[in-house]
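Below: one structure, written as structure tokens.
The values are calculated or read from the model by the stated rules, or taken from the named source; none is laboratory data. Quantities reported herein were computed from a predicted structural model and do not represent experimental measurements. Don't worry about glycine lacking a Cβ; one is built from the backbone with ideal geometry, like all the others, and counts go over all protein chains shown. The area values use the complete protein model at the heavy-atom level, side chains included, leaving out ligands, DNA and RNA. Shrake-Rupley method; radii C 1.70, N 1.55, O 1.52, S 1.80 Å.
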Amino acid sequence: YIPAGGSSQPKKTPKQIPGNPVNDLGVKYKAHCQTIGDCAEVRDGQTAGTTGYGLRMEGFWLNLEDAAKKLGADLKVKAKVHEQKTGWEDLRYVSKDTLIGSKGQSKRLEAISLEIEGLPEGYELQYRTHIQTVGWTGWVAAGFASGSVGFRKGIEAIQIRIVKK
């Protein structure tokens with residue numbers, strides 16, 4: 001039996017599937033996604049947000065307090081975002097409580113750029129994004145943009161990590 005206008009396939013319930021962390025340096029972050037709201041916090045290269053559901057990521061939070069302790073460093077992060085209808089916005093320095101993007105405005109996050117200060121020699125902050133209908137971008141180093149600009153495609157998920165070069 002297939003309901004009128006319906007499908008025999010049950011609808012998938014959107015959920016975040018983080019995967020395994022790449023290390024234990026304490027880079028923590030969480031996403032705010034369309035229809036889901038705030039997702040659970042993930043760490044060290046795991047996936048924040050969703051893939052395969054077509055849900056936009058509207059914002060995220062980044063917490064480097066544990067990473068700073070483990071690396072014995074005073075880490076400071078600057079963030080820039082490209083949002084639907086707004087374009088590039090420079091958020092300057094962000095803390096663990098700073099929403100990078102938006103919440104409750106139904107605006108897709110289209111690209112991000114993070115810069116980091118205080119990282120010990122030999123370490124690098126990297127991130128990549130999952131773009132609507134495109135998939136995962138390659139990993140980029142701090143200071144570079146990840147996502148898409150001018151294509152009206154939203155970020156659906158993000159992975160962030162600190163690695164040894």
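Structure values in brief
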{"item": "Which of Trp139, Gln84, Gln126, positive extreme of dipole for the chain (C-beta unit charges)", "result": "Gln84"}
{"item": "Carbon and sulfur %, accessible surface of the chain computed with the full protein complex present, 1.4 Å", "result": "47 percent"}
{"item": "Around Ala142: net Lys/Arg minus Asp/Glu count, Cβ-Cβ under 13 Å", "result": "+3"}
{"item": "Sequence-distant lysines (8 or more away, or on other chains) whose Cα lies within less than 28 Å of Lys69", "result": "Lys28, Lys30, Lys78, Lys80, Lys96, Lys164, Lys165"}
{"item": "Over the chain, relative contact order from alpha-carbon pairs under 8 Å, at least 6 apart, %", "result": "22 percent"}
{"item": "Residue-by-residue Karplus 3J(HN,Hα) for the stretch 42-58, coefficients 6.51, -1.76, 1.60, Hz, glycine and proline x", "result": "10, 8, 6, x, 6, 8, 9, x, 10, 10, x, 10, x, 9, 6, 8, 9"}
{"item": "Reciprocal mean inverse distance between Cα atoms of the stretch 15-72 - Kirkwood radius, Å", "result": "11.8 Å"}
{"item": "Loop-exposed GluC sites (Glu not before Pro) per DSSP, neighbour cap 14 Cβ within 10 angstrom, longest uninterrupted part of the chain", "result": "42-120"}
{"item": "Once the Cα gyration tensor of the stretch 82-149 is diagonalised, semi-axes √(5λ) in Å", "result": "22, 17, 9"}
{"item": "Accessible area of the chain divided out per residue, in Å², using a probe of 1.4 angstrom", "result": "54 Å²"}
{"item": "For the stretch 4-135, fraction of C-alpha pairs farther apart than 28 Å, in %", "result": "21 percent"}
{"item": "Cβ-defined net charge surrounding Gln105, 12 Å radius [Lys, Arg +1; Asp, Glu -1]", "result": "+3"}
{"item": "Choice from Arg43, Arg56, Arg92 with maximal GNM fluctuation in the chain (Cα, 10 Å cutoff)", "result": "Arg92"}
